[in-house]
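J.: I'd like to ask some things about the structure below.
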Amino acid sequence: MIFGRSERGKPPVEPVTLKILVAGGFGVGKTTLVGAVSEIKPLRTEELLTEAGRPIDDTSGVEGKHTTTVAMDFGRITLREDLVLYLFGTPGQDRFWFLWDELATGALGAVVLADTRRLEDCFAAVDYFERRSIPFVVGVNCFEEAARYPAEDVRQALDLDPGVPVVLCDARDRESVKEVLIRVVQHAMAYAAARRETVTT
């Protein structure tokens, strides 16, 4: 289907657009995830790491990484004819966290991307979304060299509420990322419905 048009004889479908954040620690794969699934050329704001930044940026565990996102990544994916997701990847380093509030405005939900070798790096993102009551899914990016753990072990390590989905994924693989995004939408809709029910009872 061509965006904004429908089959002959049918009125054009006006898609619902939803904003999803992709957050997590430095070097966890946020830029890769957005790029793997975006149907447009992703907007990236990556810059080279410099010697001046070494005392500030913790690159332990990701020594081979030479660039960093300094504002955001942006991509788009059409899940259905009537449903389009806009993806906003957040910067992972502490010094850029002041951008998160702006990026989070109007977000339906979020993906917190995690690396089991550096699980503590996603604590800040989990805390951020919990404090602001933004529904989120934890996507465990299964790096080839990293040990694999059951989703329930990751849930316990992050001390997540039972209702927060934990999904194993490969941030390089389009179909794997699509499954994570579908879970985010489903979780966010269920979360919103539960809150409406609480308000009306």
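What follows is calculated from the coordinates using simple rules that are stated; it is not laboratory data. This is a predicted model, so every value here is computed, not measured. Every residue, glycine as well, gets a Cβ built from its backbone with ideal geometry; the counts of neighbours run over all protein chains shown.
J.: What are the ³J(HN,Hα) values, in whole Hz, obtained from phi via the Karplus relation 6.51 cos²θ - 1.76 cosθ + 1.60 with θ = phi - 60°, for each residue of region 34-41 in sequence order, with x given for Gly and Pro?
T.: Result, ordered by residue: 4, x, 5, 10, 5, 8, 10, 5 Hz.
J.: What does the extension gain come out to for residue 40 and residue 194, with contour length at 0.36 nm per residue minus their alpha carbon separation?
T.: Extending this stretch completely gives an extra 52.1 nm.
J.: Could you give the length gained on full extension between residue 80 and residue 174, defined as 0.36 nm per residue of separation minus the Cα-Cα distance, in nm?
T.: Extra length available between residue 80 and residue 174 comes to 32.3 nm.
J.: How far apart, in nanometres, would the label points at residue 130 and residue 19 be if each is projected 7 angstrom from Cα along the Cα-to-Cβ direction?
T.: Computed distance between label sites residue 130 and residue 19 equals 2.4 nm.
J.: What order, most packed first, do the peptides 143-153, 16-26 have when packing is the mean number of other Cβ atoms within 10 Å of each residue?
T.: Taking the mean over residues of other Cβ atoms within 10 Å, the ranking is 16-26, 143-153.
J.: Let me ask something additional. Cβ neighbours within 10 Å, averaged per peptide: list 117-125, 78-86 in order, most packed at the top.
T.: The peptides rank, most packed first, as 117-125, 78-86.
J.: How far apart, in nanometres, would the label points at residue 152 and residue 102 be if each is projected 7 angstrom from Cα along the Cα-to-Cβ direction?
T.: Each label point is offset 7 Å from its Cα along the Cβ direction, giving 4.4 nm.
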